[in-house]
Every structure is written in C-alpha cells, then in structure tokens.
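The values are calculated or read from the model by the stated rules, or taken from the named source; none is laboratory data. A quick note: this is a predicted structure, and the numbers were derived from the prediction, not measured. Note: ideal-geometry Cβ built from the backbone for every residue, glycine included; neighbour counts use all protein chains shown.
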Amino acid sequence: MESTQNYHSLKNPKRVYYMSLEFLLGRTLDNAMLNMMVKKEFDAALTGLGFRVEDLIEEEMDAALGNGGLGRLAACFMDSLATLDYPAWGYGIRYQYGIFQQRIMDGYQTEFPDYWLNFGNPWEIERLDVCYEIRSADIPIPGYDTKNCINIRLWSSKPTKEFDFASFNDGNYDKSVEEQKAAENITAVLYPNDNHMVGKILRLKQQYFFVSATLQDVIRRFKKSNLPWNQFPNQVSIQLNDTHPTLGIAELQRILVDEEGLLWDDAWDIVTKTYSFTNHTVLPEALERWAVPLMQDLLPRLMMIIFDINLFFLQKVERVYPGDRDRLRRMSIVEEGQPQYIRMAFLAVVGSHTVNGLPLCTLSLWLHQANPRLSNLIAEKLGSESFLKNLSDLQQLKKFANDATFQKQWMDIKYRNKVRLAQHIQVHCGVEVSPDALFDIQCKRFHEYKRPCKQTKKVVIFAGKSAPGYYIAKLIIKLINNVSAIINEDPKTAEYLKLVFIPNYNVSLAEIIIPASDISQHISTAGTEASGTSNMKFVLNGGLIIGTVDGANIEIGEEVGAENIWLFGALTPDVEDIRHAQRYRPTILDPSLDLVVKAIQCGEFGEPSIFEPLINTLTVGHDFYIVSKDFNAYLETLAAIDEAYKDKSAWAKKSINAAASMGKFSSDRSIQDYAQNIWGLKPVPQPSA
C-alpha cells in the first residue's frame, strides 16, 4: 500500500476519487489472499497447524459499510481500479454500527446494532497524520496479480473536546459528554431513519461531513504539486456514486470562491470539469430532496451558492428556450412549493461534465471467491485462469455446453453448493430443505417495486433487508414469514414446497446463496430498476433468471439469448397507461391474485388486520406497481420453468450457455470505459522489483 502511494506521489498522475456513502466489501481476508495469489500457501500453513483456512475466513465479520447494489458496485469498482493499475482513492464513512443487523422476531424484521467494530478492524490503518478535526482510517484494496494496492479512506466523526470537566463539576453530567455524543452520532449509522426531522438533520450533517473531509484531503494532495488552480481538473477527477455526495459540488465552489479567491466563473469551470455523476435510481420518491429551510439553517452559505448555481443555469436555459416557463420549472434545481426543495440529482447533473446510469458490471474475481469449485472447473476446461482478468474468455465454454461429462461436472458443483445452502438454512432457520428441489431465490433490498410477494415455488428462498422506516416492505417480510410457518408445517405441502426467509443478508451470505441458485427472480415493475447487479452474479454462477423487461435483465437477455432466460410482464412504455386505467376506470384483481388476497383477509396467514395496509396497496391504492396486471403472465412463466427443469440435460446446457455469455458484464471493462471516456485516466503500474 505504501509503495503504491509513494510511487504515485513520485509520478504525480491524474487520480480519480470515488465518493460513495457505501462500500459493501464483505470479508477482506479471503479477497486479499486471492488477489495476492497466496491462498494456497496460507491454506498449507494453517493445515500444518491443525486448522482450515475456511474456518479462519468464517471468523471475520463483514465490514458494515454498505447495504445494497450501490455499495457492492463501489467495492467491485475499487477492486477493478486496483487490478488495472489506476491511481485511485475511495472515500466513505467508517460507520460505528453499519446499517443494522436484521433479526426476525414473531415474523417481523427487527433492527439491532451491527457491532462489527467491537474487537476493532484488523484491516484498517488509522491515519493519525490525516486529521481535519476528524479521524480517518485507510482500508487497503490489493489488485489481482499486480503490485498495485489502493485505499479506501473512511472518515470518523470525533469531538474536539470529549469531556467538559467544568460542566461535570457543576453537576451537569449530561452536558459534560454532550459534544462527544453529538459528534459521534454523525457517523454512527448508515442512512439514519429520516421519517422524522431529527433523522433528516442527522443525514444532512452526515453528508456534509463526508464531502467536507474528502475535499480537504483531495485539495491537500493537489496542493503538494504546486500547480495553479486551472490545472485542478487535469489532476483530479471526482466520481459521485449516487446523489449522497452531491453537496460536494457546492462545497468545492465555496472553497474556490471564498477561500482561494477565484472568480465565480473560473471556479465553476473547474468544478464542472472535475465532477462526474452516476445515478442509481429512476424512482421519483427515491431521488434525494432537501427542504430549503433545513439547508438554510444548517448550511446557509452552501444554500446561497446553490441558489446562484440554479439562477445561472436557468439563465442559460432561458437563452436557448426563451419564454418556456414550464421548462424552467421542470429543469430547476429548486423545486417550488411550500417549502421549496433542492433536487440533489438535478444539482449533480448541472455540476458534472458526465452523467451516466448504473453500469452493467459484475466481478469475475467474486466468482473465484464465492464459487471456487466452479472457478476451478472453468479454468481447467479453458486451460488457464485468463477469464479472471478477461471475462469475455468465458465464451469458450459454449463449445462444451452439449458435452454430457462437462454438464455433469457443472451440475455436480451446483448440487454441492445447494447442499451447503441447505445446511445453512437448517442451522440458522430451523427448516430442512432438499437440495434435489429447484432452488428459487430472491435476495434484494425489500421494496414494493421489486414485488417480492409473488413467489410460490419449490424451495423458495428470500433474503434481504427493508429500510427501518419502510412500513410496507416490513409487512411483506412479516407475510413471508407467516406464510412459511403455514407451508413448512403442513404435511400436505411440506414434501413438495418449502418457503424460507434467511435473515441478515450480507456479502458473506450472498457467497453461500447465489452459487446455489437454480432460478433467481428479478421481477421489478418495468421502468423502476435502474440496473440491478445481483442478477449478473446469479447468471455468472450458473443460475438462470425469471424477470421482467427491466434494468439489467434486458441486457442480460440480449447476451444469453431468449432460450436461456424467462422474461414476462408489461413493458415500460405501457406502465403509465396501465396505472392511469387502474386509477380512473373500474378494474378487478387478477383471479389468481384475488384468491391470495382473500386467503390473507380470511386469516389463513395470521391476523388479517396486520396486512390490511399491504392489501390496500393493491385495492384502494390502485396497485401502483401493477402486480395484478403481471400476475397471470408470472404464473405461466413459473409453469414453463417447472417444465424446463424436468429435463436436466437441457437445463445444464442453458446454465452453461448463460454463464458463458456474461463477458460483457465485467467491472474491469466498465472501469476501462470510465477511465478512457469520463475520467481521462491512465494506468500507473509499479515496476517489478
């Protein structure tokens, strides 16, 4: 790590700074051993001491630094940046308790602190030399088969004065530690619940804390080069991973104008040449907005700057579209109303030179880590491990798709992975499932648009967390657990169908679940999923997909072919028309879905009043996510999957061909595209010793 940074300091190349509130890293030990190509040596050494390397890996807790696809993308990107020898830094927050640990109590999701730092973090290097009235720690990210090792720098909020002795002596004991508590709260939890004003204030403080510390560090490094400010964009590229770091645009403008004395236009030219933005969602309710009164109270100078940015931007729009007031209203960063709101995605777009949606990528090294038997089989068949750095080499597997011996080897590995997952379910969920059954899996962050309540088949497995304040998503988890209690105990169904909810989904659990999948469900309402990344991992591990024509399902379908994927449901252009019809015209639920609703209302799965708000989303709520419209097509597609699974040879062929078609979805390829087309970055490989 130090040799990489020293070499980069010597060469002084342009660097990219990847700002993300999430980094879903998983376990560092296994990843580091694989990337440094020393796992076999460690295994042999531990065997000599009477231990297994797998047991040692299991002792490590997942770093609680992320929640979903956003954080996993950031982690994959950091791995690829290191592997491809790019000079880069990741920036995030060192959360004391992560997002939360999920436990299921009486069927409900219950949140507990994730005490991942109770015994410290052996992988971080505390940087006492890098302090801006806060603390930082670096996590090294070694590249695969290279000397390059980059860092993720994580910020911790610490008080300038931990203990007010005068207040303590006066008997005001709460006040004596008030500053300490207030400071540490800022980095205590990922995404504080913002259903109330206190949570909103804490979130906004957290985001400003993050961008302020990061920009101070970036600017400190730039000033070492003694270059003029107009060279800043030639030395610095800042990538915003979603809208959470967007305040950095206004903060950099503030620093350049207020502290460095640049003229507004010169400063803005630097800002817009420095930032680029990746948007992760198209759901209006998920696009961040901050109330202007809150911003004015906490960040008055930044609020003034954002108003000016918006004014100058709208003046440009007016020159191009004179008199089009409706366009000005639609494009304004400031959303008019009582109160006004700042639309952070709009600010990110206006302040960035390049904007892109979620890239289509997974990580071949993740296959190597999560599914080593399959990785070894592929390497044996292809004659090398070249696919780990060039995922398109998987295409060569297609010529073996009809080979009965290879099919058996492939499916034997799938079976062993299913046995491993079945053992985990037995130990942690108390449910016995057969690895001979079709494993039908959906593991995602819970949200209504992902429509997780549509599962029905064989060994049906759910895993995922709901945001603590998302009441409807938490009701879906409750319903799943209530239904599973009925199904799994019914002697008429238990032999043929099991339903399992695996709690506390994280990266390490994904490494057990995803390789065991026969079919995985990615059934979001068309037009709602920005991309999705888990679907790529499922297919890379030989799992097939049932999904809607949405997000990355579309591109996966193009690559694997219609014969190796099951797509169904309404198309994006039709969704608004369907919603309009459901809202303003008499509509009835799909008959099969109506039976499900009536079973819930009759109390077959517990007290019906509990689930009334969930049922209301389909009835009086006009079924915004068009579950009813897609339901019959969904059931027909499940029936087709059941029929296809009976032919094990044909299923194996589909599995092999699908996995072999995943070369396009390499994070290495995505990073090369970013480096060449967005960041203007070149590799800086260290010379061999």
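Please work out if L24 is in contact with a Gly (Cβ under 8 Å, 6 or more places away or on another chain), in the same structural domain as T187 (by TED's automatic domain parsing) and either of a type in the set (A, V, I, L, M, F, W, C) or part of a helix (DSSP H, G or I) (or both).
Details: in contact with a Gly (Cβ under 8 Å, 6 or more places away or on another chain): yes; in the same structural domain as T187 (by TED's automatic domain parsing): yes; either of a type in the set (A, V, I, L, M, F, W, C) or part of a helix (DSSP H, G or I) (or both): yes.
Answer is yes for this residue.
Could you give every pair whose Cβ atoms fall below 8 Å, whose first residue belongs to segment 24-39 and is crowded, with 17+ Cβ neighbours inside 10 Å, and whose second residue is part of a loop (DSSP other than H, G, I, E, B) and of a type in the set (S, T, Y), counting only separations of at least 6 or pairs across chains?
Listed by first residue and then by second, the contacts come to L34/Y144; N35/Y144.
Can you tell me how many residues within segment 222-253 are among the charged types (D, E, K, R) and crowded, with 18+ Cβ neighbours inside 10 Å?
2
For segment 525-537, check the following and say yes or no: at least one residue is touching a residue at least 24 places away in the same chain (Cβ under 8 Å), basic (K, R), surrounded by fewer than 23 Cβ atoms within 10 Å (Cβ to Cβ) and touching a Gly at 6+ places or on another chain (Cβ under 9 Å).
Checked against the condition, which is being touching a residue at least 24 places away in the same chain (Cβ under 8 Å), basic (K, R), surrounded by fewer than 23 Cβ atoms within 10 Å (Cβ to Cβ) and touching a Gly at 6+ places or on another chain (Cβ under 9 Å), segment 525-537 yields no hits at all.
With E612, E563 as the choices, which residue is out of contact with any Phe, Trp or Tyr (no Cβ under 9 Å at 6 or more places or on another chain), touching a residue at least 60 places away in the same chain (Cβ under 8 Å) and outside any loop (DSSP other than H, G, I, E, B)?
Working: E612 fails: touching a residue at least 60 places away in the same chain (Cβ under 8 Å).
Sole residue among the options that is out of contact with any Phe, Trp or Tyr (no Cβ under 9 Å at 6 or more places or on another chain), touching a residue at least 60 places away in the same chain (Cβ under 8 Å) and outside any loop (DSSP other than H, G, I, E, B): E563.
Scan segment 538-566 residue by residue and report those that are of a type in the set (G, A, S) and surrounded by fewer than 22 Cβ atoms within 10 Å (Cβ to Cβ).
Within segment 538-566, the first condition is being of a type in the set (G, A, S), and the residues that meet it are 542-543, 547, 551-552, 557, 561-562.
Listed by number, the residues that qualify are G557, G561, A562.
Read through the list (1) in a loop (DSSP other than H, G, I, E, B); (2) at pLDDT 95 or above; (3) under 24 Å from R72 (Cα atoms), then give the number of the only condition that F210 fails.
For F210, the failing item is (1).
If a residue has to be at pLDDT 95 or above and either assigned to a helix (DSSP H, G or I) or surrounded by 21 or more Cβ atoms within 10 Å (Cβ to Cβ) (or both) to count, how many in segment 500-517 make the cut?
Of the residues in segment 500-517, 9 are at pLDDT 95 or above and either assigned to a helix (DSSP H, G or I) or surrounded by 21 or more Cβ atoms within 10 Å (Cβ to Cβ) (or both).
Quick check on my filter: what residues within segment 67-96 are part of a helix (DSSP H, G or I) and out of contact with any Phe, Trp or Tyr (no Cβ under 6 Å at 6 or more places or on another chain)?
Answer for segment 67-96, where residues must be part of a helix (DSSP H, G or I) and out of contact with any Phe, Trp or Tyr (no Cβ under 6 Å at 6 or more places or on another chain): G69, L70, R72, L73, C76, F77, M78, D79, S80, L81, A82.
Can you tell me which residue among I342, I309, I305 is farther than 30 Å from R416 by Cβ, surrounded by 15 or more Cβ atoms within 10 Å (Cβ to Cβ) and either under 28 Å from the mean Cα position of the chain (by Cα) or among the basic types (K, R) (or both)?
I342
Among the residues of segment 175-194, is there at least one that is modelled with pLDDT under 65, in a helix (DSSP H, G or I) and hydrophobic (A, V, I, L, M, F, W, C)?
No, that holds for no residue.
When you scan segment 1-45, how many residues do you find that are under 29 Å from the mean Cα position of the chain (by Cα), hydrophobic (A, V, I, L, M, F, W, C) and farther than 17 Å from D85 by Cβ?
Here the count works out to 10.
Which count do you get for residues in segment 36-87 that are touching a His at 6+ places or on another chain (Cβ under 6 Å) and modelled with pLDDT of 90 or more?
Total meeting the criteria: 1.
Name the residues in segment 52-81 that are over 24 Å from A467 (Cβ atoms) and surrounded by fewer than 23 Cβ atoms within 10 Å (Cβ to Cβ), would you?
Result: R52, V53, E54, D55, L56, I57, E58, E59, E60.
Provide a single number: the residues in segment 327-339 that are surrounded by 14 or more Cβ atoms within 10 Å (Cβ to Cβ) and assigned to a helix (DSSP H, G or I).
Total satisfying the criteria: 3.
Among the residues of segment 100-109, write down those that are over 15 Å from I610 (Cβ atoms) and surrounded by fewer than 17 Cβ atoms within 10 Å (Cβ to Cβ).
Within segment 100-109, just R103 meets the criteria.
Mind listing whichever residues of segment 538-560 are without any contact (Cβ under 8 Å) to a residue 40 or more places away in the chain, out of contact with any His (no Cβ under 9 Å at 6 or more places or on another chain) and in a helix (DSSP H, G or I)?
Result: I554, G557, E558.
Collect the residues in segment 231-266 that are free of Cβ contacts under 8 Å to residues at least 24 places away in the same chain and small (G, A, S), keeping them in residue-number order.
G261
If I go through segment 6-23 residue by residue, how many of them are touching a residue at least 60 places away in the same chain (Cβ under 8 Å) and either among the basic types (K, R) or farther than 19 Å from A675 by Cα (or both)?
As a first pass, look at segment 6-23 and keep what is touching a residue at least 60 places away in the same chain (Cβ under 8 Å): 7-9, 11-23.
After this cut, where a residue has to be either among the basic types (K, R) or farther than 19 Å from A675 by Cα (or both) as well, the list is 7, 9, 11, 14-15, 21-23.
Count: 8.
Among the candidates S592, S670, single out the residue that is part of a helix (DSSP H, G or I) and either farther than 30 Å from Q235 by Cβ or of a type in the set (D, E) (or both).
None of the others qualify; the one that does is S592.
Quick test for you: out of N417, N402, pick the one residue that is closer than 27 Å to K664 by Cα, not assigned by TED's automatic domain parsing to the domain that holds T274 and not in a helix (DSSP H, G or I).
Details: N417 fails: not in a helix (DSSP H, G or I).
Answer to the selection: N402.
Only residues that are closer than 22 Å to S520 by Cβ and either outside any helix (DSSP H, G or I) or touching a His at 6+ places or on another chain (Cβ under 9 Å) (or both): list them for segment 477-499, please. Walk me through how you get there before you give the answer.
The first filter runs over segment 477-499 and keeps only residues closer than 22 Å to S520 by Cβ, leaving 477, 479-481, 483-484, 487-488, 496-499.
Hits for segment 477-499 are Y496, L497, K498, L499.
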